[in-house]
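To start, the structure itself, in structure tokens.
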Amino acid sequence: MSKNKRGYTLIESIVVIAIVFILGGITIGLSFEGVKDYYISLYNCYYEDKFDNALLNIESLWKSSAIVAIEINSSFDDVYTSEITGDNIVVKFKEISGNEKTKIIHLSNGKLMLKTISSEDGKIKVGNNTIIDNINDFTVIKKGKLIYYCISSENSGVRIRCI
């Protein structure tokens, strides 16, 4: 009697399982790499958008009414502004009520900051807001009547604007 053997040998089964595991490993590795690239791209897009919004917020200062003066690279020695060093832009306002307000854009610890100093009824109020973080350099240059500011970031490169 002859017995017909049907099925696969143990070696054939192990080879097929090994091939499936290798292909699965490659697929999972590529999937993780793709997800990682997606999150890096998402972060870069988010930061680009955040950077553009910061520039729009800065430009809204120049378009505000009641600007009395715009000064650059002022030096400060009072208690409210003693931490400000390096390049800065000082915008002075006079509100309808007669109150004075000063806004100073400066770089502090890798963050572009907006310091607001206002005087109401003899009381001085001081506030600090972060415009954007992860900034490498903030430079202000005056050429004639034009004022240029340059913001440098690792993620978004360099942006130069004119006031």
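Structure notes:
- Adding -39500 (n - 2.57) for every DSSP H run of four residues or longer, then dividing by how many residues the chain holds, sets the calculated 222 nm ellipticity at -12000 deg cm²/dmol.
- In degrees, nearest ten, helix 10-62 long axis to first principal axis of the chain (Cα): 10 degrees
- Bridging of residue 111 to lysines at a Cα separation below 30 Å is possible for 36, 50, 63, 92, 94, 101, 103, 123, 125, 142, 143, 145, once same-chain residues fewer than 8 apart are set aside.
- Taken one residue at a time, the phi angles of the stretch 64-77 give Karplus couplings (6.51, -1.76, 1.60, θ = phi - 60°) of 5, 7, 6, 6, 8, 7, 10, 10, 10, 6, 6, 9, 10, 9 Hz. Gly and Pro are set to x.
- Computed with a 1.4 Å probe on the full set of protein chains, the accessible area for residue 30 sits at about 120 Å².
- Cα centroid separation - the stretch 81-95 against the stretch 7-75, whole Å: 35 Å
- Accessible surface of the stretch 101-163 [probe 1.4 Å, protein heavy atoms]: carbon and sulfur percent: 45 percent
- Surface exposure of the chain, expressed per residue as accessible area with a 1.4 Å probe, stands at 70 Å².
- Placing R0 at 30 angstrom, the Cβ-Cβ distance between residue 78 and residue 52 gives a FRET efficiency of 0.35 after rounding to 0.05.
- Relative contact order (percent, whole number), the stretch 24-112, Cα cutoff 8 Å, 6+ residue spacing: 19 percent
The values are calculated or read from the model by the stated rules, or taken from the named source; none is laboratory data. Since the model is a prediction, treat every value here as computed from it, not as a measurement. Glycine also receives a Cβ, built like all others from the backbone with ideal geometry; neighbour counts cover every protein chain displayed. When the accessible area is computed, the model is the full protein with side chains, heavy atoms only, and any ligands, DNA or RNA have been set aside. Shrake-Rupley method; radii C 1.70, N 1.55, O 1.52, S 1.80 Å.
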